[in-house]
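Report on the structure given below.
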Amino acid sequence: MSHADDIDRLTRDLDWNLLRSFVVMAEARSITDAAQRLRLTQPSVSTALKKLEDRIGKRLIDRAPGRYELTRAGALLYREAVEIHGAVHRLSTLMRDMTDEITGHVRIAVASHVVCPLFDDVLADFHARHPRATLSISVLGSSAALASVTARTASFAICLVHRRDPKIEYMRLYREFFGLFCGPPHPLFGRKGLRQKDLAGHSAVSFETDRLHDALRSVTLLRAESELRERIIGTSSHLEEVRRMVIAGLGIGPLPLHVVARDVADGLLWRLPPYSNPPAIDVHLAWNPKAALNRAESALLAALQRAIGAVPITQRTYGLEGGDDHHDASQTPDDP
């Protein structure tokens, strides 16, 4: 049988239910765990896995006493099956959306505490134009937000981007600047005339992406230059929780200047040096060009893209007077 015949047979015979079950097996810790999640017996799950492996012609999960992990073929199939699952999940929404008036549901994955007036204005205008469209906004870590776009379970994401996935397209939504802060219990709180060397040796709290090889690399360098303790006392993927730890006095932490301006005015946070040339971080709009979007999703995504194209980056830069676009030249341009 030719290679083309093999592909045609696989396309014709592959059962979606087997793929859906395999996604659960791939995310489980064992066949027993997968059976519990699928509400099936263990022999039924083992049989389903063997049937799928026979149809694929590859071993998908390496199973042995004390060992349960995806093979290379299994990892590849899992990635594709997740995308297929997202596409199937959306079919009913697309079928319901065949009306003259724009309706439908938009699922937005947003990194923690996105503060962007441009985004808010687009949402307000979208609702005024299409009052029957509905929205849900999930707050996720940036990597999880991007994963949901890849899997097509989110219409689009607003988040930090470190490594670009060629399957995803991006536009810079806005730029923000980070500073170092401490809370009322901290010994440096309220002290004026501080210099950067005064931070040396103090404990730090930060984001999970505060690493040299991750999205907050420039923040990591700022923390290193301030000679804070290398060991970070507390981390979170959510800005609100990093803010909570800083205010509670666990350590010095990086926070976006425009987001915490009111906390500084209210006496909950104290800005620490350095005060000039703060690190710039870009927040992106990310979407999957192959996703089959309903009309509401398409309309809101297009509105955001138009707004980004129409408003100069200086007006989408928050945290510095006048908006400075000369920081961190490694950041990406506005266009996808």
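Quick note: the coordinates plus some simple rules give every number you see, no bench work behind them. Only a predicted model underlies this, so the values are computations on that prediction, with no experimental measurement involved. Backbone-built Cβ (ideal geometry, glycine too); neighbour counts: all protein chains shown.
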Checklist outcome for this item: The orientation-averaged projected area of the Cα convex hull of region 176-280, in nm², is 5.7 nm²
Item to check | Cα-based reach from LYS50 at 26 Å (exclusive), listing lysines while leaving out same-chain residues under 8 positions away | outcome: LYS58
Item to check | region 176-280: relative contact order as a whole-number percent, Cα under 8 Å and 6+ apart | outcome: 48 percent
Checklist entry - Using the beta-carbon distance between THR314 and ALA224 and R0 = 35 Å, what value does 1/(1 + (r/R0)^6) give for FRET efficiency, to the nearest 0.05? => result 0.75
Checklist entry - What distance in nm separates the simple spin-label points at ILE233 and LYS192, each placed 7 Å from Cα in the Cβ direction? => result 2.6 nm
